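The values are calculated or read from the model by the stated rules, or taken from the named source; none is laboratory data. As the structure is a computational prediction, the values presented were derived from the model and not from experiment. Neighbour counts run over all protein chains shown; Cβ positions are idealised from the backbone, glycine included. For the accessible areas, the whole protein counts, side chains as well, though only heavy atoms, and no ligand, DNA or RNA atoms are used. Shrake-Rupley method; radii C 1.70, N 1.55, O 1.52, S 1.80 Å.
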Amino acid sequence: MLWLLFFLVTAIHAELCQPDAENAFKVRLSIRTARGEKAYAWDTNEEYLFKAMVAFSMRKVPNRETTDIPHVLLCNITQRVSFWFVVTDPSKNHTLPAVEIQSAIRMNRNRINSVFFLNDQTLEFLQIPSTLAPPTDPSVPIWIIVFGVIFCIVIVAITLLVLSGIRQRRRKNKGPTEVHDTEDKCENTITIENGMPCDSLDMKGGHRNDAFMTEDERLTPL
(Lines give C-alpha, C1' and ligand atoms only; values in the text may rest on other atoms or scores of the structure.)
Protein backbone atom coordinates (compact mmCIF):
# COMPACT_ATOMS: atom_id res chain seq x y z
CA MET A 1 0.00 0.00 0.00
CA LEU A 2 2.78 2.43 0.87
CA TRP A 3 4.60 1.50 -2.30
CA LEU A 4 1.51 2.28 -4.35
CA LEU A 5 1.06 5.62 -2.61
CA PHE A 6 4.67 6.52 -3.27
CA PHE A 7 4.24 5.58 -6.92
CA LEU A 8 1.16 7.78 -7.27
CA VAL A 9 2.90 10.75 -5.62
CA THR A 10 5.90 10.33 -7.88
CA ALA A 11 3.70 10.18 -10.96
CA ILE A 12 1.84 13.32 -9.93
CA HIS A 13 5.10 15.16 -9.26
CA ALA A 14 6.43 14.06 -12.64
CA GLU A 15 3.42 15.61 -14.32
CA LEU A 16 3.75 18.87 -12.40
CA CYS A 17 7.50 19.35 -12.90
CA GLN A 18 8.43 19.26 -16.56
CA PRO A 19 10.49 21.53 -18.82
CA ASP A 20 8.39 24.49 -19.95
CA ALA A 21 5.52 23.36 -17.74
CA GLU A 22 3.14 25.86 -16.27
CA ASN A 23 4.70 27.80 -13.35
CA ALA A 24 8.04 26.03 -13.88
CA PHE A 25 11.40 27.82 -13.77
CA LYS A 26 14.74 26.78 -15.22
CA VAL A 27 17.93 27.22 -13.20
CA ARG A 28 21.46 27.14 -14.57
CA LEU A 29 24.60 27.15 -12.39
CA SER A 30 28.21 27.88 -13.43
CA ILE A 31 30.03 26.59 -10.37
CA ARG A 32 33.35 25.95 -12.11
CA THR A 33 33.37 29.44 -13.62
CA ALA A 34 32.59 31.11 -10.30
CA ARG A 35 34.70 29.05 -7.93
CA GLY A 36 37.61 27.84 -10.07
CA GLU A 37 39.73 25.41 -8.08
CA LYS A 38 37.32 25.73 -5.14
CA ALA A 39 34.38 24.45 -7.17
CA TYR A 40 32.16 21.97 -5.36
CA ALA A 41 30.19 19.03 -6.76
CA TRP A 42 26.47 19.37 -7.28
CA ASP A 43 24.86 16.40 -5.53
CA THR A 44 21.70 15.50 -3.63
CA ASN A 45 22.87 17.55 -0.63
CA GLU A 46 23.11 20.66 -2.80
CA GLU A 47 19.69 19.90 -4.24
CA TYR A 48 18.25 19.64 -0.73
CA LEU A 49 19.85 22.99 0.15
CA PHE A 50 18.35 24.60 -2.96
CA LYS A 51 14.89 23.27 -2.07
CA ALA A 52 15.30 24.61 1.45
CA MET A 53 16.20 28.09 0.18
CA VAL A 54 13.22 28.16 -2.19
CA ALA A 55 10.88 27.01 0.59
CA PHE A 56 12.42 29.63 2.88
CA SER A 57 11.72 32.32 0.26
CA MET A 58 8.15 31.16 -0.28
CA ARG A 59 7.36 31.19 3.45
CA LYS A 60 7.89 34.97 3.40
CA VAL A 61 5.09 35.41 0.86
CA PRO A 62 1.69 36.18 2.45
CA ASN A 63 -0.51 33.08 2.85
CA ARG A 64 2.40 30.77 1.93
CA GLU A 65 3.81 30.25 5.42
CA THR A 66 3.14 26.50 5.30
CA THR A 67 5.41 25.86 2.33
CA ASP A 68 7.98 23.17 3.16
CA ILE A 69 10.94 21.48 1.48
CA PRO A 70 8.92 18.54 0.00
CA HIS A 71 6.73 21.06 -1.83
CA VAL A 72 9.68 22.13 -4.00
CA LEU A 73 10.15 19.71 -6.91
CA LEU A 74 13.22 19.45 -9.14
CA CYS A 75 13.31 17.71 -12.51
CA ASN A 76 15.34 17.31 -15.70
CA ILE A 77 18.63 17.67 -13.81
CA THR A 78 21.73 17.66 -16.06
CA GLN A 79 25.41 17.08 -15.28
CA ARG A 80 26.23 20.61 -16.40
CA VAL A 81 24.07 21.67 -13.47
CA SER A 82 20.84 22.88 -14.91
CA PHE A 83 17.35 21.85 -13.88
CA TRP A 84 13.71 22.90 -13.65
CA PHE A 85 11.72 23.41 -10.46
CA VAL A 86 8.18 24.10 -9.36
CA VAL A 87 6.55 24.77 -6.00
CA THR A 88 3.38 22.84 -5.22
CA ASP A 89 0.46 23.90 -3.10
CA PRO A 90 0.50 22.01 0.24
CA SER A 91 -3.28 21.53 0.22
CA LYS A 92 -3.82 20.83 -3.49
CA ASN A 93 -2.07 18.92 -6.22
CA HIS A 94 -1.16 21.87 -8.38
CA THR A 95 1.71 24.33 -8.61
CA LEU A 96 1.80 27.77 -7.10
CA PRO A 97 1.47 30.76 -9.49
CA ALA A 98 4.67 31.82 -11.21
CA VAL A 99 4.12 35.42 -10.09
CA GLU A 100 4.37 34.45 -6.43
CA ILE A 101 7.48 32.33 -6.99
CA GLN A 102 9.14 35.08 -9.00
CA SER A 103 8.40 37.65 -6.30
CA ALA A 104 9.76 35.38 -3.55
CA ILE A 105 12.98 34.63 -5.47
CA ARG A 106 13.58 38.29 -6.28
CA MET A 107 13.14 39.32 -2.64
CA ASN A 108 15.67 36.71 -1.44
CA ARG A 109 18.01 36.52 -4.45
CA ASN A 110 21.03 37.76 -2.55
CA ARG A 111 20.44 35.24 0.27
CA ILE A 112 20.22 32.37 -2.23
CA ASN A 113 23.35 33.50 -4.06
CA SER A 114 25.37 33.79 -0.86
CA VAL A 115 24.45 30.27 0.25
CA PHE A 116 25.98 28.78 -2.91
CA PHE A 117 28.83 31.35 -3.13
CA LEU A 118 27.53 32.51 -6.52
CA ASN A 119 26.00 35.63 -8.08
CA ASP A 120 23.29 36.57 -10.58
CA GLN A 121 25.57 35.65 -13.50
CA THR A 122 26.59 32.20 -12.19
CA LEU A 123 23.26 31.25 -10.56
CA GLU A 124 20.69 32.08 -13.21
CA PHE A 125 16.93 31.87 -12.88
CA LEU A 126 16.28 32.16 -16.60
CA GLN A 127 12.65 33.30 -16.33
CA ILE A 128 13.35 35.71 -13.47
CA PRO A 129 15.14 39.03 -14.18
CA SER A 130 18.31 39.67 -12.23
CA THR A 131 18.07 41.90 -9.21
CA LEU A 132 20.00 45.11 -8.86
CA ALA A 133 22.90 44.97 -6.46
CA PRO A 134 22.26 46.90 -3.24
CA PRO A 135 23.96 50.31 -3.15
CA THR A 136 27.26 50.28 -1.33
CA ASP A 137 28.33 53.07 0.98
CA PRO A 138 31.56 54.77 -0.10
CA SER A 139 34.56 54.09 2.10
CA VAL A 140 35.28 57.85 2.28
CA PRO A 141 32.50 60.27 3.32
CA ILE A 142 31.19 62.44 0.49
CA TRP A 143 31.87 65.69 2.36
CA ILE A 144 35.58 64.84 2.56
CA ILE A 145 35.69 64.28 -1.21
CA VAL A 146 33.95 67.62 -1.86
CA PHE A 147 36.27 69.42 0.58
CA GLY A 148 39.32 67.90 -1.11
CA VAL A 149 38.19 69.05 -4.56
CA ILE A 150 37.50 72.61 -3.36
CA PHE A 151 40.83 72.74 -1.52
CA CYS A 152 42.72 71.68 -4.65
CA ILE A 153 40.95 74.33 -6.73
CA VAL A 154 41.88 77.04 -4.21
CA ILE A 155 45.53 75.94 -4.17
CA VAL A 156 45.71 76.02 -7.97
CA ALA A 157 44.11 79.50 -8.09
CA ILE A 158 46.58 80.88 -5.51
CA THR A 159 49.53 79.39 -7.41
CA LEU A 160 48.37 81.00 -10.66
CA LEU A 161 47.99 84.40 -8.97
CA VAL A 162 51.51 84.21 -7.51
CA LEU A 163 53.05 83.24 -10.85
CA SER A 164 51.15 86.03 -12.61
CA GLY A 165 52.46 88.59 -10.08
CA ILE A 166 56.05 87.41 -10.55
CA ARG A 167 55.77 87.75 -14.32
CA GLN A 168 54.39 91.29 -14.06
CA ARG A 169 57.24 92.35 -11.76
CA ARG A 170 59.82 90.97 -14.18
CA ARG A 171 58.26 92.90 -17.05
CA LYS A 172 58.30 96.14 -15.04
CA ASN A 173 61.97 95.64 -14.12
CA LYS A 174 62.95 95.02 -17.73
CA GLY A 175 61.17 98.19 -19.02
CA PRO A 176 63.50 101.01 -17.73
CA THR A 177 66.64 99.02 -18.59
CA GLU A 178 65.57 98.64 -22.20
CA VAL A 179 64.79 102.39 -22.49
CA HIS A 180 68.20 103.32 -21.06
CA ASP A 181 69.98 101.00 -23.47
CA THR A 182 68.09 102.54 -26.38
CA GLU A 183 69.17 106.08 -25.40
CA ASP A 184 72.79 104.96 -25.16
CA LYS A 185 72.63 103.46 -28.63
CA CYS A 186 71.16 106.64 -30.06
CA GLU A 187 73.95 108.74 -28.53
CA ASN A 188 76.68 106.52 -29.97
CA THR A 189 75.33 106.42 -33.54
CA ILE A 190 77.39 107.89 -36.35
CA THR A 191 75.68 110.24 -38.80
CA ILE A 192 76.66 110.67 -42.42
CA GLU A 193 76.62 114.17 -43.90
CA ASN A 194 77.61 114.95 -47.50
CA GLY A 195 78.89 111.40 -47.86
CA MET A 196 81.28 111.86 -44.90
CA PRO A 197 80.74 110.01 -41.60
CA CYS A 198 80.47 112.42 -38.74
CA ASP A 199 80.21 111.81 -35.07
CA SER A 200 77.05 113.12 -33.53
CA LEU A 201 77.32 115.94 -31.12
CA ASP A 202 77.69 114.79 -27.58
CA MET A 203 75.43 117.22 -25.79
CA LYS A 204 76.21 115.81 -22.41
CA GLY A 205 80.01 115.97 -22.67
CA GLY A 206 80.22 119.20 -24.70
CA HIS A 207 81.94 117.51 -27.64
CA ARG A 208 82.36 119.73 -30.71
CA ASN A 209 82.66 118.76 -34.34
CA ASP A 210 86.01 119.94 -35.82
CA ALA A 211 84.52 120.36 -39.28
CA PHE A 212 82.54 123.39 -38.13
CA MET A 213 85.28 125.05 -35.97
CA THR A 214 86.85 128.33 -37.12
CA GLU A 215 90.59 128.76 -37.49
CA ASP A 216 90.80 130.85 -34.31
CA GLU A 217 88.93 128.21 -32.40
CA ARG A 218 91.38 125.51 -33.53
CA LEU A 219 94.29 127.46 -32.02
CA THR A 220 94.66 126.59 -28.46
CA PRO A 221 95.47 129.38 -26.14
CA LEU A 222 98.99 129.35 -24.75
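Selection within the range 124-148: residues that are open to solvent by less than 80 Å² (accessible area, probe 1.4 Å) and of a type in the set (A, V, I, L, M). The member of this set that is modelled with the highest pLDDT is LEU126.
Every condition in (1) over 27 Å from the mean Cα position of the chain (by Cα); (2) within 21 Å of ALA34 (Cβ to Cβ); (3) assigned to a helix (DSSP H, G or I) holds for PRO70 except the one numbered (2). Considering (1) loosely packed, with under 13 Cβ neighbours inside 10 Å; (2) of a type outside the set (Phe, Trp, Tyr); (3) in contact with a strand residue (DSSP E or B) (Cβ under 6 Å, 6 or more places away or on another chain), the lone condition that PRO70 does not fulfil carries the number (3). The residues of the range 99-123 that are outside any helix (DSSP H, G or I) and open to solvent by 50 Å² or more (accessible area, probe 1.4 Å), listed by number, are PHE117, ASN119, GLN121.
With respect to the conditions (1) within 40 Å of the chain's Cα centre (by Cα); (2) at positive phi; (3) open to solvent by 40 Å² or more (accessible area, probe 1.4 Å), ARG59 falls short on a single one, namely (2). Has the range 75-91 got at least one residue that is of a type in the set (D, E, K, R), free of Cβ contacts under 8 Å to residues at least 24 places away in the same chain and in a helix (DSSP H, G or I)? No, the range 75-91 has no match at all.
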